[in-house]
Amino acid sequence: MTIDIEAARAVLAANDRGGYTVPTARLYPFQWNWDSAFVAMGWASFDAARAWREVERLLEGQWQDGRIPHIVFHAPADTYFPGPDVWGTHHTPPTSGIVQPPVLATAVRAVFAADPDRARADARAAAIVPALLRSHRWWHAARDPQATGLVAILHPWESGMDNSPAWDTALARVPTTTATKIVRRDTGHVDPAMRPRAEDYQRFIHLVDTYRGAGWEAARMYAAAPFRVADVATNAILLRAERDLLSLAERFAAAACGAIGARIARMEQALAALWSDARGLFLSRDLVAGAALDVATSAGFLPVWAGVGDASRLAATLGRWLTRARFAVPSTDPAEPGFEPLRYWRGPVWAVVNWMLAEGFATAGEAASAHRIRNDTRALIGGAGFAEYFDPLTGEGAGGGSFSWTAAIGLLLSDAAVAD
Ligand code: DGY
């Protein structure tokens, strides 16, 4: 199955709002952090100058303390909740106050490699690398104050995998009461059966209220957090990003290399310790309860993207999942009681996760798994278009349509870009 490259480029062009790309019209009308990182790599496949702008516009939202927020509200829109008034961060431009999986350094390294204009690549990367260094330092200082080697997320939205069943027990501890009146917009754009439930939103917004009450100050947020999780996906993505940042720093910030190398060594050890032999998979850790979150989700494969773990064991686990699903990789093991094939992060296939996993398996020498994942992703996009996510049982597209990061992955997986 081939992907229509012109159609993928047209999705990015249609979602371009002037140097930044919205994930999709109406449902997500602003700039999202990890979406933009993948989207920048997509742009880089045909327009490197535009790829650099994507990164630079995201960095307009970076805070003094180094954090890169999960949403930058460049221009007003009334089709999304919670908007800037709920966040109340008083940043210019307006932003949320939480973060998202730090794919950005990985994207910058890829854009740097893809840019045919080497003088431009050097100039743009040299200007961006200091911002990446500040962001990674923030992650470790703010979210791993005891230097354990694992950073914490304080909100399910920070994982990007908002309603994953992995969060169910940790999230159940968060009250459903909110100071903010909840006026959901998402369920007006997408079938509510494909979105998080009302109760999830009550807890999500309770957390936003809590952190707004802490003045969005990193240490106060950490101390006040009723939800504090060492997410295996976020940590794998950060470790991979540290490796990519190290490569950039060797050229642009030599003095920073020692500190990055030390962080990598610490993270490698700590991430490896999240392995569950019983599951044949990595598990996130609930830092409030001090226990593993024993639910098998696609996040548990992501250490392979960071070069950690036994890739052949992971490939065997994936093989078991695929006896129950037609398309790789369901976001939740279809054998889990919490599996729902159409509800957002509780079962559907996401192209960005597939792409990271295929890259990881390929690098680790598990060519068959990489091939299967890439082929399934091409088949899903080829069959259902650039949907937000896909039903792993039927291949049906779900969630929002004309989705930027799915188009970006389509470009990265287009036959010309990846021969396997
Ligand atoms: C949403 O609104 O669904 C987002 O995932 C939160 O960032």
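The values are calculated or read from the model by the stated rules, or taken from the named source; none is laboratory data. None of these values were measured; they are calculated from a predicted model. Neighbour counts are summed over all protein chains in view; Cβ atoms, including those assigned to glycine, are modelled from backbone coordinates with ideal geometry. Please note that ligands, DNA and RNA were not included when accessible areas were found on the heavy atoms of the full protein model with its side chains. Shrake-Rupley method; radii C 1.70, N 1.55, O 1.52, S 1.80 Å.
List the residues, sorted by chain then number, that are 5 or more residues from ASP310 or on another chain and whose placed amide H is less than 5 Å from its amide H.
HN-HN under 5 Å from ASP310: empty list.
If the chain between THR323 and ALA119 were fully stretched, how many nm would it gain, using 0.36 nm times the residue separation less the Cα-Cα distance? Don't skip to the answer; put the middle values down first.
Details: separation 204, 0.36 × 204 = 73.44 nm, distance 4.97 nm.
Contour length minus Cα-Cα distance gives 68.5 nm.
For the chain, what does the accessible surface come to per residue with a 1.4 Å probe? Please give it in Å².
Normalised by residue count, the accessible surface of the chain is 34 Å².
Please list SER45, SER247 from largest to smallest accessible area, probe radius 1.4 Å, with all protein chains kept in place.
Descending accessible area places them as SER45, SER247.
Determine the share of segment 260-351's accessible area contributed by carbon and sulfur atoms, expressed in whole percent, with a 1.4 angstrom probe.
It is 49 percent, rounded to a whole number.
Quick one: which of 180-190, 101-111 comes out on top by average Cβ neighbours within 10 Å, and what's the full order, highest first?
Highest to lowest by the protection proxy: 101-111, 180-190.
For a quick protection proxy, order the peptides 344-352, 74-82 by their average other-Cβ count within 10 Å, most packed first.
The most tightly packed comes first, giving 344-352, 74-82.
Return, ordered by residue number, the residues of segment 54-82 whose backbone nitrogen is under 18 Å from a label point located 7 Å along Cα→Cβ of ALA179.
Within reach of a label on ALA179, which here means backbone N under 18 Å from a point 7 Å along Cα→Cβ, segment 54-82 contributes 82.
Sort the following peptides by mean Cβ neighbour count (other Cβ atoms within 10 Å, averaged over residues), highest first: 19-26, 158-165, 401-408, 83-90.
401-408, 158-165, 19-26, 83-90
Indicate the gyration tensor shape class of segment 27-151 (rounded, prolate or oblate), computed on the Cα atoms with a ≥ b ≥ c the square roots of the eigenvalues: a/c under 1.5 is rounded; otherwise a/b larger than b/c is prolate and the rest oblate.
oblate
Just to be sure I understand the rule: take each whole DSSP H helix in the chain, project its Cα atoms onto its long axis, keep it if the span is 20 Å or more and its mean Kyte-Doolittle hydropathy is at least -1.0. Which ones pass?
The qualifying helices are 118-143, 198-213, 232-252, 257-272, 367-384.
Mind checking which of ALA368, TRP321, SER284 is farthest towards the positive end of the chain's charge dipole, using Cβ charges of +1 (Lys, Arg) and -1 (Asp, Glu) about the Cα centre?
Value: SER284.
For the chain, calculate the relative contact order in percent as a whole number, restricting contacts to Cα pairs under 8 Å that are 6 or more residues apart.
Averaging sequence separation for qualifying contacts and normalising by length gives 19 percent for the chain.
Suppose every Lys and Arg Cβ carries +1 and every Asp and Glu Cβ carries -1, with no other charges. What dipole size does segment 130-278 come out with about its Cα centre, to the nearest 20 debye? It would help to have the intermediate numbers written out before the result.
Numbers: 18 positive and 16 negative charges, 87 e Å.
Result for segment 130-278 is approximately 420 debye, rounded to the nearest 20.
Can you give the charge dipole size of the chain about its Cα centre, rounded to the nearest 20 debye, using +1 on the beta carbon of Lys and Arg and -1 on the beta carbon of Asp and Glu?
Dipole size: approximately 520 debye.
How would GLU366, GLU250, GLU268 line up by accessible area, probe 1.4 Å, largest first? All intermediate terms of the calculation are to be shown ahead of the outcome.
Values: GLU366 50, GLU250 120, GLU268 70 Å².
Heavy-atom accessible area, descending, gives GLU250, GLU268, GLU366.
Could you let me know the centre-to-centre spacing of segment 119-139 and segment 226-249, using Cα atoms, in angstrom?
If you average the Cα positions of each part, the centres end up 16 Å apart.
Between ALA141 and GLU6, what is the label-to-label distance in nm when each label sits 7 Å out along the Cα-to-Cβ direction?
5.1
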